[in-house]
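The values are calculated or read from the model by the stated rules, or taken from the named source; none is laboratory data. These figures come from a predicted structure and were not determined experimentally. Methodologically, a virtual Cβ is constructed for each residue, glycine included, from the backbone with ideal geometry; neighbour enumeration extends over all protein chains shown.
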Amino acid sequence: MKRVSRRTFLKGLAGVGLCALGGAAAWADWQRAGGEKPVEAELALPEHTREAMYYTGIEGGLDCASCHAPAEPSHTLYCHVPHQGRYVRCGLCPHRCVLAEGERGTCRVRENRGGKLYTFVYGNPCAVHVDPIEKKPFYHFLPGTAAFSLATAGCNLRCQYCQNYTISQQPPEETPNYDAPPEAVVTATAQSGAPSIAYTYSEPIVFYEYMLDTARLARRAGLRNVVISAGYINPEPLRELCRAVDAIKIDLKGYNDDFYRQVCGGTLEPVLEAIRVIHDMGVHLEIVNLVVPTLNDDLAELRALVEWVMDALGPGEMSSTNGGNPLSSAAALAAIKILEEERLPENAAKMGEFFKARFKYMQQRVPQLGDVRILGLMGGLEFVKDPETREPAPKLTRQIIYECFQRGLICIAPIGLYNNVIRVAPPLVITEEQANETLDIFEQALHAALAGLE
């Protein structure tokens, strides 16, 4: 069932539902006045859940001022009726979400359960890779080295041009995840030979508790910690994070509050304040501004951005602007036009379901296919030695890729923390006939690989 936010639900009740809402509040008050305090059942929480940091509980009810600042009044009719229940207010980022029971924040990963706020992304990253640190990009911190890089699902912004939207704009229930608690991340980093751990790809602020615990363990193990963030975080949690990490790169997305509100789903001033905090805490700071043609490429704003960096931080800070090459930008706009005209996103959704159904059918017949994770035309197939123990099967995974190659189907090298995942990423233009041929070859290769390892 699709989750409906508290505000969306109540807006639907405006006018016609006022009597019911008021009656429900009165009934709840009458019940509470009745005497005995209800016995609370113990919460059943998913495996990768921890109580969140930086939140406050709100007991007894809410009124308009709890959610709406005076400058941004609500225009709905229901707010004069106090909302009863155990609400929480998250204090991690400037959204300061007020959440009812069972509701998640803008980030999609922090939820009110029983009047407490929980993070649902502790030890379950959806992306794990070893990258050059320049890819983050850090240009002046440990140059020429590798960084053990990870991310979970979720983000507290809504950038319309996000490159990693398949993980940043999803809840953790809809991404392929690994079981990687902080201790495992530190061990894997040491084994990889990388001198640092990078919290990157989506938005590390939303997996704050996981990042903080991992960073503290990593520092004790002699590893460095680097954070790649949009900087949409409140000052107090940011100061605590600064004491545990070594370098932070901030994506300053523009120097225009309207751009932040309309394109990114945030505001500018909290990001500027975060940059000042990092600078004052003495953490290595690099600032990158990605220029998106037609959205934030006004030269006057770019000059103002550079002047602010120089005035607020002084000389010596590392900053750079990633400008779009005019030819590349024109090609990108033309590609987007083709995507729309040929309805390729719709084809990706349709064919993604087709691939998922075939892989699920294979999974029923082959227990070593431990998990099938497909979103659109992108996903992963995780192979295990035993479906009960979930022990990774990297040797089988490599053999399947080899058997595919022998039959004319090219798969990229195995991915994942244990090299036991085959990535699924066919072309957006693939037809059902081509998909059937691809899947037939893959199924043959799968059985050949299993037979060869017996």
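Overview of results
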quantity: Top-ranked residue of the range 145-163 - restricted to ones that are hydroxyl-bearing (Ser, Thr, Tyr) and at pLDDT 95 or above, ranked as nearest to Val372 (Cα to Cα); calculated: Thr152
quantity: Filter result for Cys90 (closer than 18 Å to Asn156 by Cα, at pLDDT 95 or above and not basic (Lys, Arg)); calculated: yes
quantity: Residue in the range 178-190 that is surrounded by 24 or more Cβ atoms within 10 Å (Cβ to Cβ), in a loop (DSSP other than H, G, I, E, B) and not aliphatic (A, V, I, L, M) present; calculated: no
quantity: Lone unmet requirement of (1) in a loop (DSSP other than H, G, I, E, B); (2) buried (at least 16 other Cβ atoms within 10 Å of the Cβ) for Asn112; calculated: (1)
quantity: Any helices (runs of 4 or more DSSP H) falling wholly within the range 235-351 and containing at least 2 residues that are of a type in the set (Ser, Thr, Tyr) and free of Cβ contacts under 8 Å to residues at least 40 places away in the same chain; calculated: 326-341
quantity: Matching residues in the range 155-177 - criterion: being buried (at least 21 other Cβ atoms within 10 Å of the Cβ) and β-branched (Val, Ile, Thr); calculated: Ile167, Thr175
quantity: Answer residue from the range 280-289, given it is crowded, with 18+ Cβ neighbours inside 10 Å and not polar (S, T, N, Q) and is farthest from Lys135 (Cα to Cα) among those; calculated: Val283
quantity: Selected residue (criterion: nearest to the chain's Cα centre (by Cα)) from residues of the range 133-150 that are among the charged types (D, E, K, R) and closer than 20 Å to Ile415 by Cβ; calculated: Lys136
quantity: Qualifying residue in the range 164-178 (condition: more than 21 Å from Gly376 (Cα to Cα) and either of a type in the set (A, V, I, L, M, F, W, C) or modelled with pLDDT of 95 or more (or both)); calculated: no
quantity: Members of the range 400-429 that are buried (at least 20 other Cβ atoms within 10 Å of the Cβ) and among the polar types (S, T, N, Q); calculated: Asn420
quantity: Test for Arg373: is it outside the structural domain of Glu236 (by TED's automatic domain parsing) and surrounded by 16 or more Cβ atoms within 10 Å (Cβ to Cβ); calculated: yes
quantity: Cβ pairs under 7 Å, 6+ apart, first in the range 206-227 and over 19 Å from Arg108 (Cα atoms) and in the same structural domain as Thr152 (by TED's automatic domain parsing), second buried (at least 21 other Cβ atoms within 10 Å of the Cβ) and of a type in the set (Phe, Trp, Tyr); calculated: Val226/Phe138; Val226/Phe141; Val227/Tyr199
quantity: Test: residue in the range 289-300 that is aliphatic (A, V, I, L, M) and more than 23 Å from Gln163 (Cα to Cα); calculated: yes
quantity: Test: residue in the range 90-109 that is more than 24 Å from Ala215 (Cα to Cα), out of contact with any strand residue (DSSP E or B) (no Cβ under 8 Å at 6 or more places or on another chain) and touching a residue at least 12 places away in the same chain (Cβ under 8 Å); calculated: yes
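Residue-wise test of (1) under 14 Å from Ser149 (Cβ atoms); (2) of a type in the set (Asp, Glu).
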| position | (1), (2) |
| --- | --- |
| Thr166 | no, no |
| Glu174 | no, yes |
| Pro182 | no, no |
| Ala188 | yes, no |
| Ala194 | yes, no |
| Val206 | no, no |
| Leu212 | no, no |
| Leu223 | yes, no |
